[in-house]
Every structure is written in C-alpha cells, then in structure tokens.
Amino acid sequence: MTVAVGRRRFSFILPRPWPYPDATEIVRRSGHVWQNLRTLTWRERLASGPRNHLDTVYRAVAPNRFGYRIVGRAEAVVIGTRRWDRSSAHGSWEVSQQLPALRQPVPFWSDVRDAHVVGLPTVRGHRALRITFFDPATPAWFSVVLDQRTLRTLSLQMLAAAHFMRHVYRGFNRPLKLEPPAK
C-alpha cells in the first residue's frame with residue numbers, strides 16, 4: 001500500500017489478510033465461556049503509568065465467591081452478600097454487606113465493538129487467537145488472547161485513561177475453596 005503525504009509517498013506492507021477478520025461473535029462466545037466456569041484464578045498488573053503499579057491475585061468460585069490479595073496491601077473475600085476486607089496483610093478483617101451479590105466469574109468487558117483477529121499466537125502450548133476490540137461501556141480498548149479450542153481467555157490487556165491493566169488467567173475449573181477468613 002502506498003500513501004501520499006503532500007509530495008512524498010510512503011509504502012507499507014500490510015499483513016494478510018487485510019482487513020483482519022471480524023471477531024465480534026467469537027468475543028461474545030468467549031464471554032459465555034466465562035459465565036460457565038466453576039473456578040478461575042488470575043494475576044493482574046494494574047498501572048497508572050510506567051512507575052506506579054499494583055500486582056493482585058484474584059480467585060473466583062461460581063456462582064458468587066470472589067477474593068483478591070494486592071501484593072503487600074489490601075485483601076478481600078466476598079461470599080454472596082457478605083464481605084471481609086482488610087487494608088493490609090496483617091490488618092484486622094472487617095465484615096460488611098455486599099449488595100448486590102457479585103456474580104463470578106464474569107468477563108471484564110460488557111460490550112464489544114470493532115473486534116478483529118490480529119494474530120494467531122501459541123500460549124502455554126495452546127493455539128490461540130489474539131483479538132482486539134473496544135468496549136464503549138467502560139470505555140476501554142482490549143487485547144485478549146483466547147484458546148482457539150475452548151475460547152477460554154488466557155490473557156487480557158486493557159487500556160483506558162491512566163489505566164493500564166494486564167491479566168494472565170489460570171486454574172480454569174480446578175478445585176478451589178474460597179472461605180470466610182479465620183478470626
């Protein structure tokens with residue numbers, strides 16, 4: 001492809017196929033895969049810039065159990081309509097209500113626009129699809145890597161205003177107990 005800018009011409013080699021194939025339905029189906037999982041564990045790196053970031057481990061057990069631990073900071077456990085929070089790894093647990101109860105696990109996007117397959121990587125031995133899309137409800141741009149066979153989300157990157165998030169998913173449907181913290 002050649003593009004003219006003023007009197008100058010610039011040539012580019014575009015990937016094949018161009019444009020990339022639409023992937024809206026694939027992303028929607030992968031959202032249903034999330035909703036049918038019994039358990040899921042993932043690691044998140046959330047940053048507001050190159051130097052400020054949080055590392056968090058999340059665990060979800062269907063239909064309504066969820067927990068997280070921010071490395072060196074806060075953690076929480078949510079079961080149905082009750083939650084336990086503490087501001088540090090050695091702090092006291094505080095009990096409160098969680099209304100409404102959280103449905104878990106669920107995907108991190110709620111709407112899908114302009115979804116396209118942009119790559120076919122192999123991730124941890126799985127043939128995969130790299131798909132990019134925009135979620136206007138968040139609003140944010142996503143790049144997800146889905147296992148081609150199961151459509152499980154293997155990794156996710158989300159970009160929004162001062163919000164750079166990266167997830168790596170594991171532990172699909174593996175035994176996982178999520179209980180209220182011991183007193």
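Where a number appears in this text, it was derived from the coordinates with a stated rule and is not lab data. Note that the coordinates shown come from a computational prediction; the quantities given were computed from them, not determined experimentally. Backbone-built Cβ (ideal geometry, glycine too); neighbour counts: all protein chains shown.
A few notes on this one:
- Angle between the chain longest axis and helix 24-35 axis [Cα atoms, degrees, rounded to 10]: 10 degrees
- This model, with +1 at the C-beta of Lys and Arg and -1 at the C-beta of Asp and Glu, gives the chain a dipole about its Cα centre of some 500 debye.
- Modelled label positions at Arg166 and Phe10, each set 7 Å beyond Cα in the direction of Cβ, lie 2.7 nm from each other.
- Working note: Karplus 6.51/-1.76/1.60 with θ = phi - 60° gives the range 85-91 the couplings 10, 9, 7, 8, 4, 10, x Hz, where Gly and Pro are set to x.
- Highest average first, the peptides 134-147, 154-167 ordered by how many other beta carbon atoms sit within 10 Å of their residues are 134-147, 154-167.
- Contact order relative to length of the range 13-172, as percent, for alpha carbon pairs under 8 angstrom and 6 or more apart: 23 percent
- Look at [x] 8, 21, 23, 20, 13, 7, 5, 2, 1, 0; [y] 9, 29, 33, 18, 6, 4, 1, 0; [z] 9, 29, 29, 19, 10, 4, 1, 0: the one that is P(r) over Cα pairs in 10 Å bins from 0, in percent derived from this structure is [y].
- When you count the other C-beta atoms within 10 angstrom of each residue and take the mean per peptide, 2-8, 49-55, 37-43 line up highest first as 37-43, 49-55, 2-8.
- Rough spin-label spacing in nm, given labels placed 7 Å along Cα→Cβ, for Val106 and Thr122: 3.7 nm
- Cα gyration tensor category, rounded, prolate or oblate, for the range 1-79 with a/c compared to 1.5: oblate
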